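*Asks:* Got a structure for you, written out below as structure tokens; questions coming shortly.
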């Protein structure tokens with residue numbers, strides 16, 4: 001009975017994975033079709049059909065190959081695993097691009113004489129899109145698999161209450177630290193797609209920033225604290241991505257005293273504060289919006305502060321989409337009552353501040 005249930009569960013899980021992959025492939029195709037239609041003025045439907053062929057061919061190959069490769073990688077090593085994954089995705093993109101080009105020629109969407117040009121112009125775009133979407137899907141699937149494995153272990157074992165509570169807290173923390181909202185990934189890829197024809201160097205930089213953010217999000221599940229310098233580096237990558245998407249609507253400054261760079265902070269804690277400001281203030285306005293980030297130490301405590309031009313609000317009444325509710329849960333797991341999260345009005349806007357005991361890895 002147990003083996004049958006496990007088989008059914010595995011089948012459902014695989015079906016769900018392929019459904020998610022199909023949705024992401026379709027979204028990628030729509031993004032590319034809209035971009036090329038706007039840039040070239042060609043009819044939308046043929047562009048969409050061609051993009052769907054490229055997207056689902058490459059995505060199908062990735063769906064078959066990446067899980068097999070991913071299961072053999074040691075994600076705790078970080079950089080090595082990501083290099084292998086990047087090489088795998090680029091190889092899949094190249095092979096899938098060539099196969100797709102033959103398909104669109106074979107069904108008459110493109111003349112046979114244009115086959116070489118189609119392959120040449122499509123390779124770089126396929127590489128960018130495959131790295132972005134493939135990396136994002138891998139983060140999601142690996143994180144999902146880790147959480148499912150933890151939950152299965154907790155259900156299978158009957159241990160003392162204290163041990164079970166600890167494992168549940170760790171699983172919850174890993175989930176919160178590794179989560180990246182799909183809308184952010186899709187918006188970033190849209191920005192990259194828009195830059196490819198006019199500014200490929202900046203598009204490449206955005207891909208690197210996105211990869212750094214995804215890698216950090218995945219690796220964060222294995223550790224409960226990182227250096228403040230590392231956290232700020234990820235915040236800079238995130239703000240660089242959002243700056244490309246929002247243009248002149250987003251302006252920011254970051255003040256990090258050198259003596260605080262080695263201080264330990266929860267992964268993605270400062271990022272959550274900044275993301276909250278971007279999502280609910282900068283992205284919601286037409287006019288330019290400033291975000292000021294700073295860190296300070298006082299009386300044995302580290303304080304992370306983010307100012308924006310938004311209106312103050314109460315944490316008790318904040319909607320679930322704010323993300324600060326999840327941050328509060330993480331702080332409770334790590335510091336108990338020793339950590340505080342506050343919102344207050346200041347300088348015509350609001351300040352969201354995070355404070356916890358000062359610790360250093362030096």
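No value in this document is a laboratory result; all are computed from the given coordinates. Because the structure is a prediction, the values reported are computed rather than measured. Because the Cβ atoms are built from the backbone with ideal geometry, glycine has one as well, and the counts that use them run over all protein chains shown.
*Asks:* Tell me, 195, 228 in order of fewest to most beta-carbon neighbours within 10 Å?
*Replies:* 195, 228
*Asks:* Still on this structure, I have one more. If you count, for each residue, the other Cβ atoms within 10 Å and average over each peptide, how do 232-240, 257-265, 270-278, 40-48 line up from highest to lowest? Before the final figure, lay out each step's value.
*Replies:* On the way: 232-240: 20.9, 257-265: 16.1, 270-278: 24.1, 40-48: 12.6.
Per-residue Cβ counts within 10 Å, averaged per peptide and sorted highest first, yield 270-278, 232-240, 257-265, 40-48.
*Asks:* Continuing with the same structure: If each residue of separation counts as 0.36 nm, what is the full-extension length gain between residue 121 and residue 329 once their alpha-carbon separation is subtracted?
*Replies:* 70.1 nm
*Asks:* Rg over Rh of region 227-357, using C-alpha atoms and the Kirkwood radius, what does it come to?
*Replies:* 0.94
*Asks:* In addition: Taking the Cα centre of each part, how many Å lie between region 223-277 and region 93-133?
*Replies:* Each part's Cα centre sits 37 Å from the other's.
*Asks:* Can you compute the equivalent ellipsoid semi-axes for region 188-258, i.e. the square root of 5 times each eigenvalue of the Cα gyration tensor, sorted largest first and rounded to whole Å? Provide the component values of the computation, followed by the final result.
*Replies:* On the way: eigenvalues 118, 50, 16 Å².
Taking √(5λ) for each Cα gyration eigenvalue gives 24, 16, 9 Å.
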